[in-house]
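First the structure, in the form of structure tokens, and then the observations on it.
The values are calculated or read from the model by the stated rules, or taken from the named source; none is laboratory data. From a predicted model like this one, the values you see are computed outputs, not experimental measurements. Virtual Cβ from ideal backbone geometry, glycine too; neighbours counted across all protein chains shown.
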Amino acid sequence: MKRACLFVAVFLLLLSAAPFALAQGLVPCGYDIDGDGIYDAKTEGCQFCHIFLLVDRILDFILFTFVPAVAVLMVVVGGAYFLFSQGSPANIQRGRDILKSVMFGLLIVYASWLVINLFFVAIGVQEWTGLGGGIFSIPCAPR
């Protein structure tokens, strides 16, 4: 029963994140980008450089949309264990463990992102590659 409830909660969380994915437009090409009603394959078609933009958008979606939503859900679950524990030390400890796991998980995810980003800045990736706007800012020239 607990697994079924957890599955439904995760499914609803993923389902609620779908509008954010569609609103961001994870695929940066292959459709009428300028909205004039005419698809021009030369200017709006997919190129190799769009792969980097796609990876950037996926990482941004995971780091700044999906991870915070899951963290909030788990904080609510941990708080529910505290609230409905009725003085049971096992449930209070379980809620405490969930909250600690959320905090350590967020710390690991965002600290690793920070370390990798600082590493790229320290070795000067932007200067020696000519990507002044970052690793995901490869310009796409029309064909």
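Quick one: GLN24 ticks every box in (1) polar (S, T, N, Q); (2) more than 26 Å from SER112 (Cβ to Cβ); (3) modelled with pLDDT under 70 bar one, so which box is it? Unmet condition: (2).
Determine which member of the set GLY124, GLY133, GLY105 is of a type outside the set (S, T, N, Q), surrounded by 14 or more Cβ atoms within 10 Å (Cβ to Cβ) and either modelled with pLDDT of 85 or more or over 23 Å from PHE66 (Cβ atoms) (or both).
Within the list GLY124, GLY133, GLY105, the selection yields GLY105.
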